[in-house]
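The values are calculated or read from the model by the stated rules, or taken from the named source; none is laboratory data. All values derive from a computational prediction rather than experimental measurement. Backbone-built Cβ (ideal geometry, glycine too); neighbour counts: all protein chains shown. Note: accessible area is taken over every heavy atom of the protein model, side chains too, but ligands, DNA and RNA are not part of it. Shrake-Rupley method; radii C 1.70, N 1.55, O 1.52, S 1.80 Å.
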Amino acid sequence: MGYRLLLITKNFGMKINKLLGIIVLGLLLSGNVFAANNLKGIKSFSLIVIHDGKCGGQKFREDLTTSAKYILGNTKINLNKGFVPNSENLRITILTAASKDTCASHYALDVFHTNLVENSTGNKYIGTTSSYSDTGVQLSSPVTDHKKHIIEQVELSLKKFVVAWTEAQK
């Protein structure tokens, strides 16, 4: 009996640690960087949606993708069909952890392209150059509300991006 209680406590503690880790990581990485000047002249993007983790047994990558395509489809932004080399990428990343009654997600929307980068010592490597970034953290309890809340936050982030992109094109 004591051993079983220890296992339950240990597993619960591991989930709480993961949940707290995502919250701390989210707070460290949170902040909005609006680099609208770097969006000037960019007309098309490859959409990448990543969701790691589950909340209440749910993953919501497909719902996020549909929402992003709907919002961006009502703008002058062109979405590439699949990955296009040497193009701008619009990436939505969600990292989720859950306990029995609470879910936490760190979300990030960033625009980047991959290219040859040179560091301060002159060494060249393949890296990314970011044009735009917006991040945040969403906590939800009960877990049944988390999917709705995180999709609302990502939609708001996408709308901010569309406004920044539109202003950069002027």
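The table for this structure:
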quantity	calculated
Residues of the range 80-121 satisfying the condition of being part of a strand (DSSP E or B), open to solvent by 60 Å² or more (accessible area, probe 1.4 Å) and modelled with pLDDT under 95	Thr114, Leu116, Glu118
Residues of the range 134-159 satisfying the condition of being within 30 Å of Gly41 (Cβ to Cβ) and open to solvent by 70 Å² or more (accessible area, probe 1.4 Å)	Leu156, Lys159
Breaking point among (1) in a strand (DSSP E or B); (2) in contact with a helix residue (DSSP H, G or I) (Cβ under 6 Å, 6 or more places away or on another chain), for Ser133	(2)
Test result for Val117, under 30 Å from Lys43 (Cα atoms) and in contact with a helix residue (DSSP H, G or I) (Cβ under 9 Å, 6 or more places away or on another chain)	no
Scan of the range 37-78 for residues that are in a strand (DSSP E or B), farther than 24 Å from His106 by Cβ and open to solvent by less than 60 Å² (accessible area, probe 1.4 Å), ordered by number	Ser44
Close pairs from the range 143-170: first within 14 Å of Ile77 (Cβ to Cβ) and touching a residue at least 40 places away in the same chain (Cβ under 8 Å), partner polar (S, T, N, Q) and assigned to a helix (DSSP H, G or I), Cβ under 9 Å, at least 6 apart	Leu158/Ser67; Ala168/Asn37; Ala168/Asn38
Residue match in the range 57-69 (condition: farther than 23 Å from Ile151 by Cα and polar (S, T, N, Q))	no
Test: residue in the range 26-47 that is at pLDDT 95 or above and either under 19 Å from Asp145 (Cα atoms) or within 14 Å of the chain's Cα centre (by Cα) (or both)	yes
Meets criteria (touching a strand residue (DSSP E or B) at 6+ places or on another chain (Cβ under 7 Å) and in contact (Cβ under 8 Å) with a residue 24 or more places away in the chain) for Asp52	yes
Thr128 vs. criteria part of a strand (DSSP E or B), open to solvent by 60 Å² or more (accessible area, probe 1.4 Å), in contact with a Ser or Thr (Cβ under 9 Å, 6 or more places away or on another chain) and under 17 Å from Ile48 (Cβ atoms)	yes
